[in-house]
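Chemist: Right, I'll just put the structure down here and ask away after.
Every read-out reported here was derived from the displayed coordinates using simple, explicitly stated rules and does not represent laboratory data. For clarity, every value in this text was computed on a predicted model and none was experimentally measured. For neighbour counting, all protein chains shown are included, and Cβ atoms are generated from backbone atoms with ideal geometry for every residue, glycine included.
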Amino acid sequence: MIDIGIAGLGVRHAGGDAALADVTLHLPAGQFCAVLGASGAGKSTLLRAAAALVDASEGRILYDGRAADRALPRRIGLIPQDFGLCGRASVAQNVMAVADIASWRRFTGLYPHPDRDRAARLLAGLGLDETHLGRRADSLSGGQQQRVAVARALVHRPAIILADEPVASLDPATSEATLALLRDEARSLGATVLCSLHQPALARQFADRIVMLDAGRVVFDGTPAALDGHAAPPRVRVVAR
Amino acid sequence: MNAAVPWRWPALLDARAVALLLGALLLLWYTGQRVEIGRMLALSGEAVLAEAGLAERSQVADGLGTTLGQLVPIQLSSRREVSRIAGFDPAHLSPFAHIETVETRVSELDPETLRREDRIVRTAWLVEPFGYLAHVAAKMLETLEIALWGTLIAVLIGLPLALFGARNITPHPALRAGSRATSAFLRAVPELIAALFLVIAYGFGPIAGVLALGLHSAGFLGKFYADDIEDADPRPQQALAAMGVGRLTVWRSTILPQVLPQHIACTLYTFDRNVRMGAVIGLVGAGGIGQELKGRFDMYEYGHVGTILIAIFLIILTLDLVASRARRAWR
């Protein structure tokens, strides 16, 4: 259970342009927060900043009131936009890379049974089966790879789940199933979720709270119900038309 | 309809590229002078003309002609005097072997009559038609064994060097610098020189050869493994690091599977190279086919030298086929 306090966060690209400006959000522990916005609005940067992968130029992020420390990464479950899987490694190897097990077990592939069971349950819940375990990640379809990345981000029971467009490569039915699993896992772990999405409908269906970004700034922050009455910012309207 | 689109397209050949090209040409012209490329072309051209009968004579053609001509016919058989073979049993000859009896007329002074008398002396020779070939094969096997163990030692030393020497997984930049320097030092000492020192330390034979090859190619593999690791796709590494996964696990889980084909190709090339260098370091007494090669060369037995050179060539060719199959299997 970790709550995340983002205060006046600003992040600059290498070129000096602002990727995020003055973002202030307080995510209570256990909240499922969806982030909407057009491409380039700063969704990925916000998630990367929450994962302590990019340095803030202004403001700060506190986890349970403290700055990021060495113990924080082990409590994060990250689903990168590009999946970040090792294509030449098997699905089992990819998922178990993050599990809380002794190094020698990862070297030998002799994974402990409780961890095998957890990984198997996650993969099965995402519609993958035993035959996928030994397959190389690069032999899977984009949608299957994305689901392996989801399972990998959950296998070590994280307290913070940062999902960067976790259903971008999935069909509508699989998208719903995947987000449902993400939400249910997060609930049972008590994990705080920050999940960027492209589909407002999915955000309404699964999120407790919706944040909308435009050009690096928060333009909407409220419950799914409140989103209905909100006028979409110009760029989002263009995309919708 | 087809209005021109006013885009500026990036040029491939710009002023900088032309300047670089000119610089490279100048460098080649200058260094070419120093290593006598012009004279090399002139002498080689003369040799070609001489072979075609268009020039009187050529230093190169004469020089190569005499030595290379002596390499053939290559030596296949061996011939040993039976009386010099310990425990020789004529009932159990190896296949294809036969005994040749040579009668020689010897004129001796009879001490009693004080007269010169002719006598017939019979010497038996064991002739094995493929005896020398078998000998070369045995020596070649020794070289292969030396190369195999040299390569194994190189992998065992080179891999830790690479793990410390790769920027993305080294525990500390100072260790990276130290490891890179160690690799460079090991590469900088040529096998032949290392073998000379090691022969003094360990005596003649394969130990010096194994160590000389192992140490030199450890520097080789330490560098190439580390370069491969640094060039691996950073995205999975970042994903795992963001979730607090340790360096060793990052290496095992996402880097090693990615770079394994390159590592295997490098290792196979190192083995190939160690077989060839194993033949060279035999020259200083570090065992294997090189020792045989040096001995025959010094005794002007160029037929034997020819056999050895062809044997080395065939082994390298075979290794190449095996290596390309292995690379395909591991792709």
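Chemist: Got the relative contact order for the stretch B:200-331 handy, in percent, Cα pairs under 8 Å and 6 or more residues apart?
Modeler: Working: 90 pairs, mean separation 36.7, N = 132.
Averaging sequence separation for qualifying contacts and normalising by length gives 28 percent for the stretch B:200-331.
Chemist: Test of understanding: in a Gaussian network model of chain B with alpha carbons linked when under 10 Å, which of B:PRO190, B:PRO90, B:PRO171 would top the mean-square fluctuation ranking?
Modeler: Taking springs between Cα atoms under 10 Å, the residue moving most is B:PRO90.
Chemist: Tell me, what is the FRET efficiency for B:PHE297 and A:THR108 to the nearest 0.05, using R0 = 41 angstrom and their Cβ-Cβ distance as r?
Modeler: My answer for the efficiency is 0.20.
Chemist: Put +1 on the Cβ of every Lys and Arg and -1 on every Asp and Glu Cβ in chain B; which of B:GLY214, B:HIS98, B:PRO129 then has its Cα farthest towards the positive end of the dipole?
Modeler: Positive-most Cα among the choices belongs to B:GLY214.
Chemist: If contacts are Cα pairs under 8 angstrom and at least 6 residues apart, what is the relative contact order of the stretch A:4-227 in percent? Numbers along the way, then the final one.
Modeler: Numbers: 430 pairs, mean separation 68.4, N = 224.
Across the stretch A:4-227, relative contact order equals 31 percent.
Chemist: Rounded, prolate or oblate: pick one for the stretch A:127-199, where a ≥ b ≥ c are the square roots of the eigenvalues of its C-alpha gyration tensor, a/c under 1.5 means rounded, and failing that, prolate if a/b is larger than b/c, else oblate.
Modeler: oblate
Chemist: Something else: Starting at the first residue of the stretch A:205-212, write each ³J(HN,Hα) from the Karplus equation 6.51 cos²θ - 1.76 cosθ + 1.60 with θ = phi - 60°, in whole Hz, x for Gly and Pro.
Modeler: 6, 10, 8, 7, 8, 10, 10, 10
Chemist: Could I ask something else about it? Determine the sum of side-chain charges near A:LEU27: Lys and Arg each +1, Asp and Glu each -1, restricted to other residues whose C-beta is under 13 angstrom from that of A:LEU27. Numbers along the way, then the final one.
Modeler: Details: positive: A:ARG209; negative: A:ASP3, A:ASP64, A:ASP208, A:ASP221.
Result for the neighbourhood of A:LEU27: -3.
Chemist: Also, quick follow-up: In debye, nearest 20: dipole of the stretch B:8-128 around its Cα centre with unit charges on the Cβ of K, R (+) and D, E (-)?
Modeler: Computed charge dipole of the stretch B:8-128: roughly 680 debye.
Chemist: While we're looking at this one, here's another question. Quick check for me: using +1 on Lys/Arg Cβ and -1 on Asp/Glu Cβ, what's the dipole size of the stretch A:4-227 about its Cα centre, in debye to the nearest 20?
Modeler: For the stretch A:4-227, the charge dipole is close to 600 debye.
Chemist: Report the relative contact order of the stretch A:46-115, percent, no decimals, based on alpha-carbon pairs under 8 angstrom and at least 6 residues apart. Mind showing how you got there, number by number?
Modeler: Values: 24 pairs, mean separation 11.5, N = 70.
Value for the stretch A:46-115: 16 percent.
Chemist: What FRET efficiency do you get for B:LEU41 and B:LEU21 if R0 is 22 Å and r is their Cβ-Cβ distance, rounded to the nearest 0.05?
Modeler: Values: r = 22 Å, r/R0 = 1.02.
The value I calculate is 0.45.
Chemist: With +1 on each Lys and Arg Cβ and -1 on each Asp and Glu Cβ, how big is the dipole of chain B about its Cα centre, in debye rounded to the nearest 20? Please list the in-between numbers first.
Modeler: Working: 30 positive and 29 negative charges, 334 e Å.
So the dipole magnitude of chain B works out to roughly 1600 debye.
Chemist: Of A:LEU85, A:LEU179, B:SER324, which is farthest towards the positive pole of the protein assembly as shown's charge dipole, taken about the Cα centre with +1 and -1 on the beta-carbons of Lys, Arg and Asp, Glu respectively?
Modeler: Going by the charge dipole, the pick is A:LEU179.
Chemist: By a straight-distance test (C-alpha under 25 Å), which lysines pair with B:LYS139 as possible cross-link partners, with residues fewer than eight away in the same chain excluded?
Modeler: Leaving aside lysines fewer than 8 places away in the same chain, those within reach of B:LYS139 are B:LYS294.
Chemist: With a 10 Å Cβ neighbour count serving as the proxy for reagent exposure, in which order, fewest first, do A:SER57, A:SER196, A:SER44 appear? Spell out each step's value before the answer.
Modeler: Working: A:SER57 14, A:SER196 26, A:SER44 20.
Ordered by Cβ neighbours within 10 Å, fewest first: A:SER57, A:SER44, A:SER196.
Chemist: Rounded to the nearest 10 degrees, what's the angle between the helix B:131-165 long axis and the longest principal axis of chain B, both from Cα atoms, 0 to 90?
Modeler: So the helix axis and the longest Cα principal axis differ by about 20 degrees.
Chemist: If you don't mind, there's one more thing I want to ask. Post the alpha-carbon centroid distance, the stretch A:77-146 to the stretch B:20-40, in whole angstrom.
Modeler: So the separation of the two Cα centres works out to 56 Å.
Chemist: Which one of A:SER57, A:GLY42, A:HIS156 has its Cα pushed farthest toward the positive end of the charge dipole of the stretch A:4-227, where Lys and Arg give +1 and Asp and Glu give -1 at the Cβ?
Modeler: A:HIS156
Chemist: Please report the net charge: other residues with Cβ closer than 15 Å to the Cβ of B:ALA208, K and R +1, D and E -1. Write down the numbers at each step before the final one.
Modeler: Working: positive: B:LYS294; negative: B:GLU142, B:GLU145, B:GLU191.
Its environment carries a net charge of -2.
Chemist: Between B:MET277, B:MET243, B:MET140, where does the largest GNM mean-square fluctuation fall for chain B, given springs only between Cα atoms within less than 10 Å?
Modeler: Judging by the Gaussian network model, the answer is B:MET243.
Chemist: Still on this structure: Within 10 Å of each residue's Cβ, count the other Cβ atoms and sort B:TRP125, B:TRP251, B:TRP29, B:TRP9 from fewest upward. Spell out each step's value before the answer.
Modeler: Working: B:TRP125 15, B:TRP251 19, B:TRP29 10, B:TRP9 5.
The order, fewest Cβ neighbours first, is B:TRP9, B:TRP29, B:TRP125, B:TRP251.
Chemist: What ranking of A:HIS113, A:HIS156 emerges when the number of other C-beta atoms within 10 Å of each C-beta is taken as an exposure proxy, fewest first?
Modeler: Working: A:HIS113 7, A:HIS156 22.
In increasing order of surrounding Cβ atoms, one gets A:HIS113, A:HIS156.
Chemist: Read phi for every residue in the stretch B:263-268 and hand back ³J(HN,Hα) as whole Hz from Karplus 6.51 cos²θ - 1.76 cosθ + 1.60, θ = phi - 60°, with x for Gly and Pro.
Modeler: Using θ = phi - 60°, the values come out as 4, 5, 4, 4, 5, 5 Hz.
Chemist: Using a basic spin-label model with each label point 7 Å from the Cα along Cα→Cβ, how many nm lie between A:GLU130 and B:ASP118?
Modeler: 9.4 nm
Chemist: Once a ≥ b ≥ c are taken as the square roots of the eigenvalues of the Cα gyration tensor of chain A, is the result rounded (a/c under 1.5), prolate (a/b larger than b/c) or oblate (a/b not larger than b/c)? Intermediate values should be presented prior to the final figure.
Modeler: Working: a/c = 1.84, a/b = 1.48, b/c = 1.24.
Note, shape of chain A comes out prolate.
Chemist: Using a/c under 1.5 as the rounded threshold, could you call the protein assembly as shown rounded, prolate or oblate? The axes a ≥ b ≥ c are square roots of the C-alpha gyration tensor eigenvalues, and prolate needs a/b larger than b/c, oblate otherwise. Walk me through the numbers on the way to the answer.
Modeler: Working: a/c = 3.46, a/b = 2.37, b/c = 1.46.
It is prolate, given that a/c is not under 1.5 and a/b is the larger ratio.
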